[in-house]
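Heads up: the structure comes next, in structure tokens.
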Amino acid sequence: MDVNDLIRPYLAGGRLSGAEDALGPDRRARALRDADAAVGAVLAALPPDTRVLLAGLSDHGDTPHLRVAMMRGADVAGRFLGAASTHREDVTILPDVTATVLTAAGVPVPDTVIGVPWRAGGRTGGVGAARDELAGADRAGQTIRNLSGVFFTSVAVLQVAFYLVAFLLMRRRRGTGAIRVAALALAALPVSTYLVNLLPWRHAGAPALALTGGIAAIAAALAAVALAGPWRRDPLGPLAVVAGVTAAVLAGDLLTGTPLQLNSVMGYTAVVGARYYGLGNIPFALFATSVLLLATALAHRLTARDRRTAAVAAVAVPGCAAMILGGWPGVGSDFGGVIAFVPGIAVASLLLAGRRVSIVKLGSFCVAGGVTVMAIAFLDHLRPPGSQTHLGRFVGQVITGEALEVIARKLGAMLNTLLSPNLMPIVLAAAAFLVYGLLRPGTASAGVLPAAFAHSPALKAGLIGTLVSGVVGMLVNDSGAAVLSMALALGLPLVLSAGVQALRGGAAPAYAEAGQQPARSSRVSRRS
């Protein structure tokens, strides 16, 4: 699009300068008009076919913003600018400027240049529409950046409070219905952070309020749907609804270029710039957990009909499909996710088949995950450098000897998350409730967890597979504790909701007094 036409609205809106505090609004406006006139004079003096690039490279203050990137040329007129580096039609990164300048000058781009040339994306719909869209993207990124800390603190508080209240109520045999509702609402919260991007919250007068209100409303609606249909009487029915919606939303998001993960509090933003596309570490944890739990809900029905082989396939096939989708270059592009997903699928499948899982087998499954992702990365490395993702570039770093530095940096980042006040409380509270609820069910959970597993041994296999993926994912990703905490935040409340309903149906004995243990002679029905 014409640079002179598009630059004026940005200048007039103050998008390219942060000098308002230093100059005052009047002097700043004059300075911007002078700059606009100078740019217009330069453009008028150039031949019409001259390729002109304009990139904003600086920030002001402590707040990062998206900056302008524009190009004059017939082939990009009326279109956004994107790049293969971001896999987006309206976002480029700073290293792309070098590659774009060299390409425009007809100079071959050296292999050592990280960036790729800008390319025309979708049509803008006019200058005004383009300005509003790009300003909205910056507003969304800023909102997410400012809200993320408060949001994850709130999630941690809600999770810890949930387990504490559940413990106090269950040991008194009270409030199981309310616990089930709260558990489903908590489990519905993560997927709501993506579904809210279907709403125009970024254009609201108070975007942060619109965002948080939208997330809460969607989570409440999804919990209501999970408890409203005929499936509510089945202990695994509401679990399947929430897990199914979560898996479907994330799978659909991956297949459509991740418009929902971008600018979401449990995703990523272009303002921060850690990731621009694909499956983030937190979405991976949610994706793996939801796929495994949904698959084991289906496997439960098959095992009840003595179709054990089909039950194993019901976990292995969708699990492997989701793993490939999450790890494939340009789609999920999640390196650590593949390593973590493979052992989770394998452990759940092995348990469903009635086989034992040893430390040796578990280690071999982790190795298999590493081999799988390196095979995918090698295929990516065979593509031209400008088309590779970070998976293919990692193979190049292995060849050049730079990989150890990358691994060390990610290991350091992972270890730092183990001290996170927002993530570790979720892990510790959920793990304590789970372990104590299994070792002392009469005291901790009124037998809810044993009831869930008595009703569905497949669910137990699915939860163990989820925990394996969560722990391995924590160890191999730089987000560390975020992976395990989000796997627990989704998985354990869903299992508790199933256990409450199973207990009502008599799947396991309710203990008469807090602290009473089941008698050794008592047997639990495993019928569905």
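For the reader, a short list of remarks on this structure follows.
- Top-ranked residue of region 59-98 - restricted to ones that are modelled with pLDDT under 90, in a loop (DSSP other than H, G, I, E, B) and of a type in the set (Val, Ile, Thr), ranked as nearest to the chain's Cα centre (by Cα): Thr63
- Residue within region 38-45 that is assigned to a helix (DSSP H, G or I), at pLDDT below 80 and either in the same structural domain as Gln142 (by TED's automatic domain parsing) or on the phi < 0 side of the Ramachandran plot (or both) present: no
- Taking the conditions (1) crowded, with 24+ Cβ neighbours inside 10 Å; (2) closer than 30 Å to Pro329 by Cβ in turn, Leu467 satisfies each one other than (1).
- Some residue of region 197-206 being in the same structural domain as Pro421 (by TED's automatic domain parsing), modelled with pLDDT under 95 and assigned to a helix (DSSP H, G or I): yes
- Scanning region 166-181 for residues that are in a helix (DSSP H, G or I) and in contact (Cβ under 8 Å) with a residue 60 or more places away in the chain gives Ala166, Phe167, Met170, Thr176, Gly177, Ile179, Arg180.
- Residue count, region 141-161 (criterion: surrounded by 16 or more Cβ atoms within 10 Å (Cβ to Cβ) and among the β-branched types (Val, Ile, Thr)): 4
- Residue list for region 174-205, filter: out of contact with any helix residue (DSSP H, G or I) (no Cβ under 7 Å at 6 or more places or on another chain) and buried (at least 16 other Cβ atoms within 10 Å of the Cβ): Asn197
- Within region 404-449, the residues that satisfy the criterion of being assigned to a loop (DSSP other than H, G, I, E, B) and of a type outside the set (Lys, Arg) are Leu418, Leu419, Ser420, Pro421, Asn422, Leu423, Ser445, Ala446, Gly447.
- Test result for Leu134, in contact (Cβ under 8 Å) with a residue 40 or more places away in the chain, farther than 22 Å from Ala432 by Cα and in a helix (DSSP H, G or I): yes
- Test: residue in region 294-308 that is out of contact with any Lys or Arg (no Cβ under 9 Å at 6 or more places or on another chain), crowded, with 24+ Cβ neighbours inside 10 Å and β-branched (Val, Ile, Thr): no
- Applying the condition of being among the basic types (Lys, Arg) and part of a loop (DSSP other than H, G, I, E, B) to region 356-403 and asking which residue is surrounded by the most Cβ atoms within 10 Å (Cβ to Cβ) yields Arg383.
Yes/no matrix, rows are residues, columns are (1) in contact with a Pro (Cβ under 9 Å, 6 or more places away or on another chain); (2) under 21 Å from His65 (Cβ atoms):
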site: Gly214; (1), (2): no, no
site: Ala217; (1), (2): no, no
site: Pro235; (1), (2): no, no
site: Ala243; (1), (2): no, no
site: Ala270; (1), (2): no, yes
site: Ala274; (1), (2): no, yes
site: Leu279; (1), (2): no, no
site: Phe287; (1), (2): no, no
site: Leu298; (1), (2): yes, no
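The values are calculated or read from the model by the stated rules, or taken from the named source; none is laboratory data. Note that the coordinates shown come from a computational prediction; the quantities given were computed from them, not determined experimentally. Heads up, the Cβs are rebuilt from the backbone with ideal geometry, glycines too, and the neighbour counts pull from every protein chain shown.
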